[in-house]
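**Student:** Input: one structure, supplied below.
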Amino acid sequence: MRPSGTQAPNNEDNAALIERICSGDEMAMADMYDRYSGIVYGVALRVLGDTSAAEDVLQEVFLQLWRNPQAFDANRGRLSAWLAVITRNRAIDHLRKRPFEDDIADIPVASGVNLESEAAQRMAVEKIRAVLVHLPQEQRRALEMAFFEGMTHTEIAGKTGEPLGTIKTRIRTGLLALRKAVL
């Protein structure tokens, strides 16, 4: 963890850490874990809603980074964003492996907004849930299947019997409505 008052690592710092990890430097991996484990754990916990499963995903993501650090390309984006995407994908894989049992109201919702406080997070979640309730049933169900059940657009189209383009449009329209509510 960074001491308070210090600046966030920049792309050159991250590139140097990745190079050190490529050469097998365990201390570089420890530094990387200290910098980004909070982000990785937070994303996993939001998707899974289970601390134990989120810890498993945290371990898997950093193990993947240790085994294949060349997978990160600094020219394509920030390391924190890349780790968040990798984490989300791993968490969805975990969701697909277990049966879906949770009620939509009990699942934490990630807003995509930098939420500074718990109160701000609660307000954002309430806004999102309020928008979800007012979405047309078809849009809401498509969003639920995509983000809470981890289904692909093609899988959703197959399950609902709707054309793939219709599913993509419903998800995009629903996401735009959610984004509008949070911003």
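The values are calculated or read from the model by the stated rules, or taken from the named source; none is laboratory data. Being a predicted model, the structure only gives us computed values, none of them experimental. Glycine gets a Cβ as well: all are built from the backbone with ideal geometry, and neighbour counts include every protein chain shown. Quick note on the areas: whole protein, heavy atoms, side chains included, nothing else; ligands and nucleic acids left out. Shrake-Rupley method; radii C 1.70, N 1.55, O 1.52, S 1.80 Å.
**Student:** Under a straight-distance cross-link criterion of Cα-Cα below 30 Å, which lysines are reachable from Lys180, leaving out those fewer than 8 residues away in the same chain?
**Tutor:** Leaving aside lysines fewer than 8 places away in the same chain, those within reach of Lys180 are Lys127, Lys159, Lys168.
**Student:** Take peptides 160-171, 136-147 and line them up by average Cβ neighbours within 10 Å, highest first, as a rough protection proxy.
**Tutor:** My ranking of the peptides, most packed first, is 136-147, 160-171.
**Student:** Express in Å², to the nearest 10, the accessible area of Ser37 obtained by rolling a 1.4 Å probe over the protein heavy atoms while all chains stay in place.
**Tutor:** 20 Å²
**Student:** Which FRET efficiency value, to the nearest 0.05, is calculated for Arg78 and Ser52 with the Förster distance at 25 angstrom and r the Cβ-Cβ distance?
**Tutor:** For Arg78 and Ser52, the calculated efficiency is 0.30.
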